[in-house]
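Each remark here refers to the structure printed beneath this line.
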Amino acid sequence: MTLPDLPTAPRLSDIAAQAEVSEATVSRVLNGRAGVAASTRQRVLAALDVLGYERPVRLRRRSAGLVGLVIPELTNPIFPAFAQIIEQSLAGHGYTPVLCTQMPGGATEDELVEQLEERGVTGIVFLSGLHADTRADPTRYARLASRGVPFVLINGYHDRIDAPFVSPDDGAAARMAVRHLAELGHERIGLAVGPARYVPSRRKADGFVAALAESFGLSRGQAERRVQHTLFSVEGGHAAAAALLDEGCTGVVCGSDLMALGVVRAARQRGLDVPGDLSVVGFDDSQLIAFTDPPLTTVRQPVQAMATAAVGALIEEIHERTQGRQAPPQRTEFVFRPELVVRGSTGPVRA
């Protein structure tokens, strides 16, 4: 079976249906007429791209500048999800995104920043970078600011870095996961989370400890013995699960969805059923997690809202810089509340 070729000339009806606008609106956009909101115009352009049509020459606007996006890796699906929305949002503002990915043995964050500066970027978005590592030297960001490069930081906070921050409420994420398991009758609940030097890991661990105290009256010392710091990976979750299962945990809260998949794998290697013998809660809710076996209960990171807010904050920083105005004396951290998504990996504790 062969698919029919798309017509070379865009059909207004197809584009209008894809963009969920009227054909008249599509016509105005394609002809470069005024009276169309920027967000609507972007939807029409996106519809052209999705349907495989080439944009008319008149719609190929000049870039407002390059903006770097520095992310740690692409193997964790939450990072490409962030990258896609950030790039779409930047394009909507007229900027051209430049994706820079770190990998073992490859360029460091500092080297990537140096390369971006050599290309004259207008600004940089850092996602889960060295700003989230409490052992890293924060003065690198002060030096970047002194060179006149606006930037914004996602996932991780440092009070010595003068820049806008965008974060999920990691503490609330851990607390809502613990409460969910407690409502199912679980009392021995463990946490598998990333290395303690990372701000998101610390915040999740603090929220977890507070939730165990609130739900079961455990002291901080007792609760901390239920926390396993490991790598943010399937292998890290597998290793943490071994220790938590040895402690008799019937429920495990994880710092990422990949870690949760490692916990499920470790449980099955011991002949345990998920969720019959062990309930597992992840964190992130990347796109394919609903299709795992079992579908993973997880705490959804508000990627769309966070990415959009980060780009908005960066655009504001760029405008402040280009207009010669002083930045505010103290910038804020925008904190977004996550959402618990209940699926098939959690269930009532067995008697």
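The values are calculated or read from the model by the stated rules, or taken from the named source; none is laboratory data. Predicted model, so just to flag it, every value in this text is computed and none were measured. Reconstructed Cβ throughout: ideal geometry from the backbone, glycine too, with neighbour counts over all protein chains shown. Only protein heavy atoms, including side chains, enter the accessible area calculation; ligands, DNA and RNA are left aside. Shrake-Rupley method; radii C 1.70, N 1.55, O 1.52, S 1.80 Å.
Quick notes
- Within the stretch 180-196, the set of residues being open to solvent by 40 Å² or more (accessible area, probe 1.4 Å) and not small (G, A, S) comprises E183, L184, E187, R188.
- Test: residue in the stretch 230-249 that is open to solvent by 10 Å² or more (accessible area, probe 1.4 Å), in a loop (DSSP other than H, G, I, E, B), within 20 Å of D285 (Cα to Cα) and among the aliphatic types (A, V, I, L, M): yes
For (1) at pLDDT below 85; (2) within 27 Å of P302 (Cβ to Cβ), each residue gets a yes or a no:
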residue	(1), (2)
S22	no, no
R33	yes, no
V36	yes, no
R41	yes, yes
A46	yes, yes
V57	yes, no
S63	yes, no
F82	no, yes
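- Number of positions in the stretch 142-164 that are surrounded by fewer than 24 Cβ atoms within 10 Å (Cβ to Cβ) and within 24 Å of G65 (Cβ to Cβ): 12
- The set of residues in the stretch 33-58 that are open to solvent by less than 60 Å² (accessible area, probe 1.4 Å), outside any loop (DSSP other than H, G, I, E, B) and farther than 24 Å from G312 by Cβ contains only L48.
- Within the stretch 306-327, being in a loop (DSSP other than H, G, I, E, B) and either modelled with pLDDT of 85 or more or open to solvent by 60 Å² or more (accessible area, probe 1.4 Å) (or both) holds for Q323, G324, R325, Q326.
The rows are residues; the columns are (1) modelled with pLDDT under 95; (2) touching a helix residue (DSSP H, G or I) at 6+ places or on another chain (Cβ under 9 Å).
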position	(1), (2)
Y95	yes, yes
Q102	yes, yes
V113	no, yes
F126	no, yes
R140	no, yes
S146	yes, no
F151	no, yes
I154	no, yes
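- In the stretch 197-222, the residue that is nearest to A174 (Cα to Cα) out of those that are among the hydrophobic types (A, V, I, L, M, F, W, C) and crowded, with 21+ Cβ neighbours inside 10 Å is F208.
- Selection of the stretch 229-275 for residues being without any contact (Cβ under 8 Å) to a residue 12 or more places away in the chain and among the acidic types (D, E) yields D246, D273.
- Hits in the stretch 113-129 (condition: closer than 15 Å to R140 by Cβ and under 20 Å from the mean Cα position of the chain (by Cα)): I124, F126, G129
- Some residue of the stretch 291-314 being of a type in the set (F, W, Y) and either in contact (Cβ under 8 Å) with a residue 12 or more places away in the chain or touching a strand residue (DSSP E or B) at 6+ places or on another chain (Cβ under 7 Å) (or both): no
- Within the stretch 290-300, being within 14 Å of the chain's Cα centre (by Cα) and open to solvent by 10 Å² or more (accessible area, probe 1.4 Å) holds for one residue alone: R300.
- Annotation: of all residues in the stretch 260-289 being part of a helix (DSSP H, G or I) and under 18 Å from F82 (Cβ atoms), the one that is least open to solvent (accessible area, probe 1.4 Å) is I289.
- Test: residue in the stretch 13-27 that is among the polar types (S, T, N, Q) and assigned to a loop (DSSP other than H, G, I, E, B): yes
- Residue match in the stretch 327-338 (condition: over 30 Å from P150 (Cβ atoms), of a type in the set (K, R) and in contact with a helix residue (DSSP H, G or I) (Cβ under 9 Å, 6 or more places away or on another chain)): no
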